[in-house]
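Structure first, commentary second.
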């Protein structure tokens, strides 16, 4: 069984199409799992959701930005409270861009896309014959915002995964590919299709091959026309175009 796992597409239709083309060139997959954050930030939120819904044998779950779109909740500002007069001056602009970005994305979505996002589950779990359980979530089993990083301690990671019998855990959210093993389980962060934050502009995804009790995994990267996405953000006057463009260029890595 071959499973293609995508996450954090973020309305970047060009990156998504490049990934899907490479998956097809690899010989197609038996199933697709898509781990959330489908629409926000990119210039094609509605088109991206529609394209994802066309995928055959696909399962989806909800990410934190999907939650913001469907519930009206908003993320806290990065960095928390202002610590000095200079940082306080930037709070109003940060709030304006955050809210304008989410409002613009909602305005682009049709009702069918909105309902699709509303109905997404928080996790995907499946028992594969002869292999065992796979469990997928957006950030961690405890939260759609508490991500798993290289620096996440084994103790904290154990807290996230405690109580599950899954052999492989699949996640996204951090926009950074990752492979870690703990207590006989394998945690794979599949990275971001539409907005990588690890210094590599290429779209990221995972191919997971399950063969009886064994498996192999391939964290893949795919080139696409990043500048065309940046140009489209500018052409449509996207509210967060400068912020998104910097990250598409790799300036948001860290």
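Each value in this text was obtained by applying a stated rule to the coordinates, not by laboratory testing. Here the structure is a predicted model, which is why all the values come from computation and not from measurement. Glycine gets a Cβ as well: all are built from the backbone with ideal geometry, and neighbour counts include every protein chain shown.
Results, tabulated for the structure shown:
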| read-out | value |
| --- | --- |
| Rounded tilt (10° steps) of 91-108 against the dominant C-alpha axis of the chain | 60 |
| 0 to 90° range, to nearest 10: angle between helix 13-25 axis and the chain longest Cα axis | 20 |
| Compactness relative to 2.2 N^0.38 Å, alpha carbon Rg of the stretch 155-254 | 1.32 |
| Gain on full stretching of the segment that runs from residue 21 to residue 209 - 0.36 nm per residue minus C-alpha separation | 65.9 nm |
| Helix-derived mean residue ellipticity, 222 nm - over the chain, DSSP H n ≥ 4, -39500 (n - 2.57), to 500 | -10000 deg cm²/dmol |
| Ranked 176, 162, criterion: other C-beta atoms within 10 Å, fewest first | 162, 176 |
| Inter-probe distance in nm under a simple model that places probes 7 Å from Cα toward Cβ, at residue 50 and residue 234 | 2.7 |
| Order of 187, 148, 236 under a 10 Å beta carbon neighbour criterion, fewest first | 236, 187, 148 |
| D (Stokes-Einstein, µm²/s), Kirkwood Cα radius, the chain, 1.567 mPa s at 4 °C | 70 |
| Of all DSSP beta bridges in the chain, antiparallel share, percent nearest 5 | 65 |
| Which of 111, 160 has the fewest Cβ neighbours within 10 Å, and the rest in rising order | 111, 160 |
| Efficiency of FRET between residue 125 and residue 150 - r from beta-carbon atoms, R0 25 angstrom, step 0.05 | 0.50 |
| In degrees, nearest ten, helix 226-236 long axis to first principal axis of the chain (Cα) | 40 |
| Choice from 209, 66, 183 with maximal GNM fluctuation in the chain (Cα, 10 Å cutoff) | 183 |
| Residue among 85, 45, 141 with the largest mean-square fluctuation in a Gaussian network model of the chain, springs linking Cα atoms under 10 Å | 85 |
| Förster radius 22 Å - calculated FRET efficiency between residue 143 and residue 97, Cβ distance, rounded to 0.05 | 0.35 |
| Of all DSSP beta bridges in the stretch 103-254, antiparallel share, percent nearest 5 | 75 |
